[in-house]
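Take a look at the structure set out below.
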Amino acid sequence: MKIIYWDDLIKGENIYPQGSAISIGGFDGPHRGHERILSAVLKAARKDGIPAGIITFFRSPRSVKAGNMYAGDVSTLEMRLQKFAEQGFSFTVLIDFSADFARMKGTVFFDILIKTICIKYLAVGSDFTCGYRHDTGVGDLQRLARERGFCFDSIEQLYSARHERISSSAIRQAVEQADFALAKDLLGYPFFLDVAKIVQRTENGVWAVEKAAVTQILPQNGQYSARAYLQTGAIIPVQVKVMDTLLEVFEDTAAPIPFAAETLIRKLEFIRKE
């Protein structure tokens, strides 16, 4: 999958003159609520023989706006890109949600996309808005599609078996409350904490990481049963202790497997609170 940076995109000419099928959003997860949208884009791309793409952000715009009040993302950028690639997307455009970008009108944003990746199909959620002060919504995109000659679909929200609206916010709340079963239902797969790029310290069989280095949502302070996915490919049962400033991972006394000094963990799967 090709990665295209917004700053490079706006300098270039039409990258996909044959046209492209795209969606736009934060796609934090991505979760089951995104499935219909992403499937619609991939289906349109296959039908028309054009590349399928995602327009998204390095970090959630919500995290930029909320600053220190933001609880954390559901997934890291690396996790999202891996999911897009696995699903068969040809390219992803990455945007830095800067102050300058935040002031851009939605019509200007789409004019750039039409000129540079030649939108032939666009799918977004039914509550989609973009542009300065949310100046562009679904109705505006319907008109723009007619005027500029591309196909447009607005996809309705999906609800879980528990009648929960499937959203990144609902997943964050589930993780924070240690309801990992609900988080899995909303995501469509287990919630993973990606620690592959975080500095890890191992001492006396205890692995530790600074909580400030974690950009994802975390459950409340406490001790949790979990699985550690090691960089060797092994998956081992562990206990995770979430504290004010640290995460500590140590051997599960029911199945003790001591950490070697060189052990590195790729990700953690929380199972339940102890």
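Odds and ends about this structure:
- Residues (part of a loop (DSSP other than H, G, I, E, B), free of Cβ contacts under 8 Å to residues at least 60 places away in the same chain and of a type outside the set (A, V, I, L, M)) located in region 209-255: 219, 220, 221, 231, 232, 233, 244, 245, 252, 253
- Condition check for residue 92: in a strand (DSSP E or B) and in contact (Cβ under 8 Å) with a residue 40 or more places away in the chain: yes
- Extreme residue, farthest from residue 106 (Cα to Cα), among residues of region 120-136 that are assigned to a strand (DSSP E or B) and of a type in the set (Ser, Thr, Tyr): 121
- Near pairs, Cβ below 8 angstrom, 6+ apart or cross-chain, from region 137-153 (part of a strand (DSSP E or B)) to any residue that is among the charged types (D, E, K, R): 151/120
- Scan region 114-136 for residues that are farther than 14 Å from residue 41 by Cβ and under 22 Å from the mean Cα position of the chain (by Cα) and the total you get is 6.
- Residue that is surrounded by the fewest Cβ atoms within 10 Å (Cβ to Cβ), among those in region 166-205 that are in a strand (DSSP E or B) and free of Cβ contacts under 8 Å to residues at least 60 places away in the same chain: 203
- Summed over region 14-33, residues that are without any contact (Cβ under 8 Å) to a residue 60 or more places away in the chain and on the phi < 0 side of the Ramachandran plot total 1.
- Filter pass, residue 238 being at pLDDT below 95 and either surrounded by 16 or more Cβ atoms within 10 Å (Cβ to Cβ) or under 24 Å from residue 174 (Cα atoms) (or both): yes
- Scanning region 95-108 for residues that are assigned to a helix (DSSP H, G or I) and either within 14 Å of residue 3 (Cβ to Cβ) or of a type in the set (Phe, Trp, Tyr) (or both) yields a single hit, 101.
- Scanning region 71-89 for residues that are assigned to a loop (DSSP other than H, G, I, E, B), polar (S, T, N, Q) and more than 13 Å from the chain's Cα centre (by Cα) yields a count of 0.
- Within region 47-70, if we keep just the residues that are under 17 Å from the mean Cα position of the chain (by Cα) and part of a loop (DSSP other than H, G, I, E, B), the residue that is surrounded by the fewest Cβ atoms within 10 Å (Cβ to Cβ) turns out to be 58.
The values are calculated or read from the model by the stated rules, or taken from the named source; none is laboratory data. Remember, it's a predicted structure, so these values are computed and weren't measured experimentally. Neighbour counts are summed over all protein chains in view; Cβ atoms, including those assigned to glycine, are modelled from backbone coordinates with ideal geometry.
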